[in-house]
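Notes for the one structure printed next.
The values are calculated or read from the model by the stated rules, or taken from the named source; none is laboratory data. This structure is a prediction, so every number in the text was calculated from the model and none was measured. Cβ placement follows ideal geometry from the backbone for every residue including glycine, while neighbour counts extend to all protein chains displayed. Keep in mind that these areas ignore ligands, DNA and RNA; they rest on the heavy atoms of the full protein, side chains included. Shrake-Rupley method; radii C 1.70, N 1.55, O 1.52, S 1.80 Å.
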Amino acid sequence: MAGTSWDKLGQMDAAFDIVAPAIRRVAAAEGVKLVEFHRDDPIWRLDFARSAGGEAVVDVAWEEERPDTFLVSAAWWLDDYDTTMRRQHREDIGRFTREQSLQELENLLHEAIRRVDGWGESDLDQQSGPNPDWQRYQSREDFYRTRLPKR
């Protein structure tokens with residue numbers, strides 16, 4: 001999906017116009033950061049730091065091949081500056097279709113955030129790295145500084 005061509009942006013805007021009010025309401029109610037068109041892709045992301053550590057996201061993704069369907073997924077990761085490794089967990093939460101009420105999307109997004117809030121370190125079932133650039137380009141203090149709302 002990365003690098004979505006500019007000619008598709010109008011189509012992406014139109015797709016998200018339908019669900020935007022629900023996603024914005026959930027972001028405000030849950031106190032998380034909303035990123036519209038994450039990396040210029042058809043993904044709206046609810047982004048936050050966890051009091052348990054690390055960062056988490058709930059994504060609402062749209063695909064041109066299924067224009068009436070939005071996929072909701074959630075992820076949480078913990079990065080270790082010293083080992084330069086990332087531990088993470090990701091789950092597909094559900095689907096929302098345009099014929100459903102926006103309240104159903106809101107419920108799905110609130111449920112996704114509740115699920116993430118309930119995950120613990122034993123749920124971190126994937127690992128990636130090493131990421132040597134973490135140490136090369138930032139101090140330990142800067143690495144662990146977050147600018148995201150914390151839940």
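List of remarks:
- Extended-chain gain in nm, criterion 0.36 nm per residue less alpha-carbon gap, D82 and Q103: 3.2 nm
- Cβ-Cβ FRET estimate between R25 and S51, R0 fixed at 35 Å, reported to 0.05: 0.90
- Gain upon complete extension [Q126, S73; 0.36 nm per residue less C-alpha separation]: 17.5 nm
- Dimensions in Å of region 1-130 - Rg and Dmax from alpha carbons: 15.3, 48
- Based on protein heavy atoms only, region 26-151 ends up with 55 Å² per residue of surface accessible to a 1.4 Å probe.
- Of the accessible area of the chain, computed with a 1.4 Å probe over protein heavy atoms only, carbon and sulfur atoms account for 45 percent.
- Spin-label pair D17-D92: with each label point 7 Å from Cα along the Cα-Cβ axis, the two points sit 2.9 nm from one another.
- Per-residue packing, averaged as other Cβ atoms within 10 Å, sorts the ranges 119-131, 62-74 into the order 62-74, 119-131, beginning with the highest.
- Paramagnetic reach from K150 (point 7 Å along Cα→Cβ, amide N under 11 Å) across region 21-52: 49-52
- Annotation note: trypsin sites (Lys or Arg not before Pro) in region 55-132 located in DSSP loop regions with a Cβ neighbour count of at most 13 within 10 Å are R98.
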